[in-house]
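Step one of this worksheet: look at the structure below.
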Amino acid sequence: MFLSVFDLFKLGVGPSSSHTMGPMVAGARFLAALRLQPFRAHGLRASLHGSLAFTGKGHATDRATILGLAGFVPETLDAAGAEAALAANRDSRILTPEGLGELQFDPGADLRFDFDNALPGHANGMTLSATDAQGDVIFHQVYYSVGGGFVLTEEELARQGDEARSDATSKAPYPFASAAEMLAMAEGSGKTIAQMKRANELAFRNEAELRDGLARIWQVMRDCMERGLATGGNLPGGLNIRRRAHAIHEKLMAERGMNLTAPHVINDWMSVYAMAVNEENAAGGQVVTAPTNGAAGVVPAVIRYWLDHVPGASERDLPDFLLTAAAIGGLIKHNASISGAECGCQAEVG
């Protein structure tokens, strides 16, 4: 089994990896498949099922689907450009993804929340279709957003357990598929989990790409925390939920050096770091799925506490932390689930 650290820790946008990032990725994948078809499409349609239908409005699934069909992807999403594309679609009822010309898409008519018909493969199902000039469907695909921003077609989901299909597994020098295999390989090779994971990653990319990619993951995590710690006021969405991380952080900073340290201050610091990320995610900001948006605060909070509060901690050891976390998280995704819709919130956080 091989799942890259860059698959498990992906750059994305809030508020949900399953309900926001996944539909956006599905839209982009559908466009890529549509570009390979021999015919010209004139319009697009989308239908959301299961959890994507019932909780989609609160997770901006409708916006994410439209943006995906407009050609946006989470990793490079430009907030201003996305808003401009949504406004243009509201006015024109047209999307203009690269290489496909103008495609009719009326969000009121062509984006459907289907509350009655769940799809069989997963709780987060959606169908995307292309239509001809008469409005007849000429290309159709079912997608499942299976957690952590991962998206599978119904065909890919049906083949998911077939290890023989994966060239990546055969290329990895330490293809552990369970915790028992991982520990046995570590004992037999004399390598740490991080060293084995690094060797697996270097089978697919060079040292500089791995180093720079891991540094980028931490930079986005840290930037997200800094924004969350610096921003007060209310979260968007109309519920007038007040941001808390900024005020708590200021209080903790004020108490430093005043001999007022409470026994639970360690937990307070880690909690405020995690809360800062969670509030940025809820506001639709850029986050790192770790391994999902719903759990995005946990890993960066632990890293930040370690770096800022533990004597001797150094950023030079961060790659080993992220590689080890990715190895363990990959085992959980492979053998169980990281999908909150499928297994509850502890599937993401645990």
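The values are calculated or read from the model by the stated rules, or taken from the named source; none is laboratory data. Predicted model, so just to flag it, every value in this text is computed and none were measured. Neighbour counts run over all protein chains shown; Cβ positions are idealised from the backbone, glycine included. What goes into the accessible areas is simple: the full protein's heavy atoms, side chains included, and nothing from ligands, DNA or RNA. Shrake-Rupley method; radii C 1.70, N 1.55, O 1.52, S 1.80 Å.
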Task: Residue satisfying condition, being among the hydrophobic types (A, V, I, L, M, F, W, C), in a loop (DSSP other than H, G, I, E, B), modelled with pLDDT of 90 or more and in contact with a helix residue (DSSP H, G or I) (Cβ under 7 Å, 6 or more places away or on another chain), within set ALA290, ALA327 - done: ALA290
- [ ] Considering each of GLY50, GLY27, GLY43 in turn, give the residue that is under 16 Å from the mean Cα position of the chain (by Cα) and of a type outside the set (D, E, K, R).
- [x] GLY27
- [ ] Provide a single number: the residues in the stretch 336-350 that are part of a helix (DSSP H, G or I) and either of a type in the set (Asp, Glu) or touching a residue at least 40 places away in the same chain (Cβ under 8 Å) (or both).
- [x] 7
- [ ] Please specify each residue of the stretch 56-67 satisfying the condition of being part of a helix (DSSP H, G or I), more than 14 Å from the chain's Cα centre (by Cα) and not charged (D, E, K, R).
- [x] THR65, ILE66, LEU67
Task: Members of the stretch 207-264 that are basic (Lys, Arg) and open to solvent by 90 Å² or more (accessible area, probe 1.4 Å) - done: ARG211, ARG216, ARG242, ARG244, LYS251, ARG256
TODO: Grab the helices (runs of 4 or more DSSP H) fully contained in the stretch 105-206, keeping just those with 3 or more residues being among the small types (Gly, Ala, Ser) and out of contact with any helix residue (DSSP H, G or I) (no Cβ under 8 Å at 6 or more places or on another chain).
DONE: 179-189
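Search the stretch 4-17 for residues being in a helix (DSSP H, G or I) and open to solvent by 10 Å² or more (accessible area, probe 1.4 Å), and hand back the single one that is nearest to ALA199 (Cα to Cα).
PHE6
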Open item on the list: Checking the conditions here, which among ALA53, ALA84 is out of contact with any Asp or Glu (no Cβ under 8 Å at 6 or more places or on another chain) and assigned to a helix (DSSP H, G or I)?
Closed with: ALA84
